[in-house]
Amino acid sequence: MKPFASMTVRENVVVGALFGSDDERPALRAAFNRADSVLELVGLRKKADLPVSALTIPDRKRLEVARAVATRPKLLLLDEVMAGLNDVEIDDALDIVRTVRDTGVTVVLIEHVMRVIVGVCQRVIVLDLGRPLADGPPDVVLRDQRVIEAYLGEKYARRLRDG
């Protein structure tokens, strides 16, 4: 997470809105309006005027997603955004990812928390040493013997298989 520490939460998101994916930069007022709507979307609207230093780790993660969403992406890559969060914070983050996805943004999620994968992904691609190992719906991929062996070890996979 690399927010602009000398700015407020809102100003950080305005930067994303100003330098987003559109061909033409929006007017400053439009960028602030966009920032406000994105902050509402990720649940940070009430903290908009706080300095970034006042945010918790989960709120800083929300801020990073907000800055990215403010750029008006067609595709959003989220890399380990759930790392270090507790169960309640993961549930909140899942809601945000679903909300962003439901706005029409394609979300590519790199994540090791299986609860997240099952809770939000429609398609899963598992890599092993950089190569695709399995590809398909989460419930199918997570039962794949090769995936279990690669991520949990052959010994654990044998115990699962042999009952």
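For the range 1-57, what does the relative contact order come out to in percent, with C-alpha contacts under 8 Å and a separation of six or more? Dividing the mean separation by the residue count of the range 1-57 yields 48 percent. Dipole of the range 7-123 computed with +1 at Lys/Arg Cβ and -1 at Asp/Glu Cβ about the Cα centre; of G20, G43, V97, farthest Cα towards the positive end is G20.
Residues whose amide H lies under 5 Å from that of L133, counting only those 5 or more places away or on a different chain, are V126, L127, D128; hydrogens are built 1.01 Å from N in the peptide plane. Bridging of K155 to aspartates and glutamates at a Cα separation below 20 Å is possible for D128, D144, once same-chain residues fewer than 8 apart are set aside.
Here is the P(r) of the range 74-128: all C-alpha pair distances, binned every 10 Å from 0, give 23, 61, 16, 0 in whole percents. When both bridge partners sit in the chain, DSSP labels roughly 55% of those beta bridges antiparallel. Listed by chain and number, the lysines placed with their C-alpha closer than 24 angstrom to that of K61 are K2, K46, K47, K74; residues fewer than eight positions away on the same chain are left out. Excluding the site residues themselves, the longest part of the chain lacking any chymotrypsin sites (Phe, Trp or Tyr not before Pro) in a DSSP loop with at most 15 other Cβ atoms within 10 Å is 20-163.
Sorted ascending by nearby beta carbons within 10 Å, beginning with the fewest, K2, K47 become K2, K47.
We did not get these values from a lab; they are worked out from the coordinates using the rules stated. Not measured: the values here are computed from a predicted model. As a convention, Cβ positions derive from the backbone with ideal geometry for all residues, glycine included, and neighbour counts pool all protein chains shown.
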